[in-house]
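Worksheet for the structure shown next.
The values are calculated or read from the model by the stated rules, or taken from the named source; none is laboratory data. Computed from a predicted model, the values in this text were never measured in an experiment. We place every Cβ from the backbone using ideal geometry, glycine too, and count neighbours over all the protein chains shown.
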Amino acid sequence: MADGYLVNLVGGNGHPPRVMSITYTNHVLAILEILNNPEKYKKGEIYRMPRILDEQAARLNFPGIGGKLTVLSEEQEKYLGYKKAGPFKREDYRY
């Protein structure tokens, strides 16, 4: 079963499982966003993933690769002008 991942993605020469996990997490979060806020989205249009959801996908997957995320202190939050929950990048920022 390729360690619980899809065999055709892990057993082949595709992306590593963690990359695919983050991608699928993004897909699920985007679907939930559309289902929970249908008035914001029109059929046939293309929308960018809201940065806050993209960062949520990273947070959900990060512990799985042995990482630890820190949270901004109140002082850092004020200084940087970001909320502790994010988003931490501008909406037009692309990795």
Restricting to the range 1-42, and then to whatever is farther than 14 Å from Asp54 by Cα and of a type in the set (Val, Ile, Thr), can you tell me which residue is modelled with the highest pLDDT? Ile34
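Yes/no matrix, rows are residues, columns are (1) in a helix (DSSP H, G or I); (2) surrounded by fewer than 11 Cβ atoms within 10 Å (Cβ to Cβ); (3) out of contact with any Cys (no Cβ under 6 Å at 6 or more places or on another chain):
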{"residue": "Ser21", "(1), (2), (3)": "yes, no, yes"}
{"residue": "Thr25", "(1), (2), (3)": "yes, no, yes"}
{"residue": "Leu29", "(1), (2), (3)": "yes, no, yes"}
{"residue": "Ile34", "(1), (2), (3)": "yes, no, yes"}
{"residue": "Glu39", "(1), (2), (3)": "yes, yes, yes"}
{"residue": "Lys42", "(1), (2), (3)": "no, yes, yes"}
{"residue": "Glu45", "(1), (2), (3)": "no, yes, yes"}
{"residue": "Leu53", "(1), (2), (3)": "yes, no, yes"}
{"residue": "Ala57", "(1), (2), (3)": "yes, no, yes"}
Looking only at residues that are surrounded by 12 or more Cβ atoms within 10 Å (Cβ to Cβ) and among the hydrophobic types (A, V, I, L, M, F, W, C) in the range 70-95, which one is nearest to Leu60 (Cα to Cα)? Ala85
Pick from the range 72-95, criterion assigned to a loop (DSSP other than H, G, I, E, B) and among the aliphatic types (A, V, I, L, M), ranking: farthest from Ile52 (Cα to Cα): Leu72
